[in-house]
Amino acid sequence: MPSFVVAYDLSDERRRSKVRTLSKASGEHHQLSVFLLQAESLEEVITKLGPLVEHETERLLVARVRGKVLKVGRAFEETEFLL
């Protein structure tokens, strides 16, 4: 199954939380707003996450990873997010 890097910049904590939850369900959390996801297609990722983004003021980046993924440094520590 293909891998995708997802990075987002959302202003609303409830929508950020929803994106985090959906992203964790199909991938690995690497930075505060960066995930490495497994999905069948780019369209699948956009269909899940795109509706949570205010297109005029916020950003969502989805990039397919081709080849090996190298992870350097310590693992991401789980952060408690408050609503």
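Nothing in this text is a laboratory measurement; each read-out follows from the coordinates by a stated rule. Everything numeric here is computed off the predicted structure, so don't read it as measured data. Please note: Cβ atoms are built from the backbone with ideal geometry, for glycine as well, and neighbour counts cover all protein chains shown.
Could you state, as a whole-number percent, how many of the C-alpha pairs of the stretch 3-65 are farther apart than 17 Å?
Tail of the P(r) past 17 Å holds 28 percent of the pairs.
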Under a GNM of the chain (C-alpha, springs under 10 Å), which listed residue has the highest mean-square fluctuation: K18, K48, K68?
-> K68
Stretched fully, the stretch from K71 through S17 gains (0.36 nm per residue minus C-alpha distance, one decimal, in nm) 17.0 nm
Pull up all non-local amide H partners of A39: gap of 5 or more, or a different chain, and H-to-H distance under 5 Å with H placed in the peptide plane.
-> F4
If we count chymotrypsin sites (Phe, Trp or Tyr not before Pro) as exposed when they sit in a DSSP loop and have at most 15 other beta carbons within 10 Å, what is the longest stretch of the chain that avoids them all?
-> 1-75
Given springs between every Cα pair under 10 Å in a Gaussian network model of the chain, which of L36, L61, L49 has the largest fluctuation?
-> L61
Between L32 and A7, what is the spin-label point distance in nm, taking each point 7 Å from the Cα along the Cα→C-beta axis?
-> 1.4
Using only alpha carbon pairs under 8 Å that are at least six residues apart, calculate the relative contact order of the chain and give it in whole percent.
-> 42
Hey, got a sec? Which GluC sites (Glu not before Pro) in the chain land in a DSSP loop and have at most 12 other Cβ atoms within 10 Å?
-> E40, E54, E56, E77, E78, E80
With +1 on each Lys and Arg Cβ and -1 on each Asp and Glu Cβ, and nothing else charged, work out how big the dipole of the chain is about its Cα centre, in Debye to the nearest 20.
-> 340
